[in-house]
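Heads up, the thing below is written out as structure tokens.
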Amino acid sequence: MKHPPDNIDIELRMLVEAVYLKYNYDFRDYTGASQKRRVLVALREMECENVSELQAKVLHQPEAFARLLQYLTIPVTEMFRDPEYHAALRSQVVPHLSTYPSLKLWVAGCSTGEEVYSLAILLHEEGLLERSIIYATDINPESLEAARRGVFPLDRMRLYTENYQKAGGKRAFSDYYTAAYGGALFERFLVENVTFADHSLATDSVFSETHFVSCRNVMIYFNRRLQNRVLGLFHESLCHRGFLALGSKESIDFSTYANRFESIARRERIFRKAAE
């Protein structure tokens, strides 16, 4: 006999449906366990007794939704995260990218920008940044604004420096930032060719043909249906034999697009669009 869902699960469904109808932010295909954890944190911080009270507040107070959004899209990121991935990117993807006269790259779900700046530094050191356009997209306007500013906590620079060195960095990491505003302000030339834009992988379509797509540690929060939708977007966006990079815990093996990409560096989750 199938047991009925708990009240909180019913309330969660109603909350995400209300958010979609009111604000057109679609969290309906995000995984339930992660979503529930984040909403429970929001309940405590926003002083609501239950999800229904939170829903009422979000529906009638746009500023409450803006606050809830910060909990639903908690950034978990760092510069040169998974150094072995960046080393593989440098050795196995960059040589192919360097054959193009100009490049378009998409960092999907860019959060507060650490992945964007890491990619820009790598491209700069390989002589490709000046001829590259990078699209950095996310659904969280506060995260996008933080990415535009390019100011990161000073106490993270030691970890970021270690990651950079392990990833095959060619300079002193401190060359790329200045201590300012109580943090590390990264050089503006790194983002001169970056377009930061609001884009939802759940509801929006492809906006440009690209040579490389990075979407790392984003799809782990999506259910299978949304993962397939997102992989479809990336496949459509990528040019002939373009490259796709996913996070360390993500895979395309059981998706409907498994046969439409080939693995370039399996452990580092780098794929290439299969020839058609």
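The values are calculated or read from the model by the stated rules, or taken from the named source; none is laboratory data. What you are looking at is a predicted structure, and each value in this text was computed from that prediction instead of being measured. Heads up, the Cβs are rebuilt from the backbone with ideal geometry, glycines too, and the neighbour counts pull from every protein chain shown. Remember, those area values only see protein heavy atoms, side chains included, never the ligands or the DNA or RNA. Shrake-Rupley method; radii C 1.70, N 1.55, O 1.52, S 1.80 Å.
Summary of computed values
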item: Rg ratio (alpha-carbon, reference 2.2 N^0.38 Å) - region 67-222; result: 1.00
item: Helix-only CD estimate at 222 nm, as mean residue ellipticity for the chain, using -39500 (n - 2.57) per DSSP H run (n ≥ 4); result: -11500 deg cm²/dmol
item: Region 184-246: translational diffusion in µm²/s, Stokes-Einstein, Kirkwood Rh over Cα pairs, 4 °C, 1.567 mPa s; result: 97 µm²/s
item: Cut-off 11 Å (backbone N to label point 7 Å along Cα→Cβ of GLU276), residues of region 212-238; result: 235-238
item: Distance violations [Cα-Cα > 26 Å] among LYS22/LYS249; LYS57/LYS249; LYS36/LYS249; LYS170/LYS273; result: LYS22/LYS249; LYS57/LYS249; LYS170/LYS273
item: Charge tally in the Cβ shell below 15 Å around SER205, where Lys, Arg are +1 and Asp, Glu are -1, SER205 excluded; result: -4
item: Cα-projected label distance for GLN61 with SER98, points at 7 Å along beta-carbon direction, nm; result: 5.6 nm
item: GNM top mover of TYR117, TYR20, TYR221 - the chain, alpha-carbon springs below 10 Å; result: TYR20
item: Heavy-atom accessible surface of the chain: percent carbon and sulfur, 1.4 Å; result: 49 percent
item: Amide H contacts of THR195 (H built 1.01 Å from N, under 5 Å, at least 5 apart or other chain); result: ILE134, TYR135, ALA136
item: log₁₀ of I(q)/I(0) at q = 0.13 Å⁻¹ - region 20-132, Debye sum with one point per alpha carbon; result: -0.68
item: Candidates VAL218, VAL230, VAL94: whichever shows maximal mean-square fluctuation once the chain is modelled as a Gaussian network with Cα springs under 10 Å; result: VAL94
item: Mean accessible surface per residue for region 196-276, computed with a 1.4 Å probe while every protein chain stays in place, in Å²; result: 46 Å²
item: Value of Rg to Rh for the chain (Rh from inverse mean 1/r over Cα pairs, i.e. Kirkwood); result: 0.99
item: Around GLY182: net Lys/Arg minus Asp/Glu count, Cβ-Cβ under 13 Å; result: +1
item: Two-decimal Rg/Rh across region 125-201, once Rg and the Kirkwood Rh are taken from alpha-carbon atoms; result: 0.98
item: Amide H partners (placed H, <5 Å) of CYS110, local residues excluded; result: THR137, ASP138
item: Residue with peak Gaussian network fluctuation, the chain [Cα springs, cutoff 10 Å], from SER174, SER200, SER251; result: SER174
item: TYR30 long-range amide H proximity, modeled H, under 5 Å; result: ASN223
item: ARG13-ALA172 FRET efficiency (beta carbon distance; Förster radius 41 Å; 0.05 resolution); result: 0.20
item: Accessible area in square angstrom per residue, region 64-120, 1.4 angstrom probe; result: 32 Å²
item: Å² per residue, accessible surface of region 132-185 at 1.4 Å; result: 51 Å²
item: For ARG81, net neighbour charge (Lys/Arg +1, Asp/Glu -1) across residues whose Cβ lies under 10 Å away; result: -3
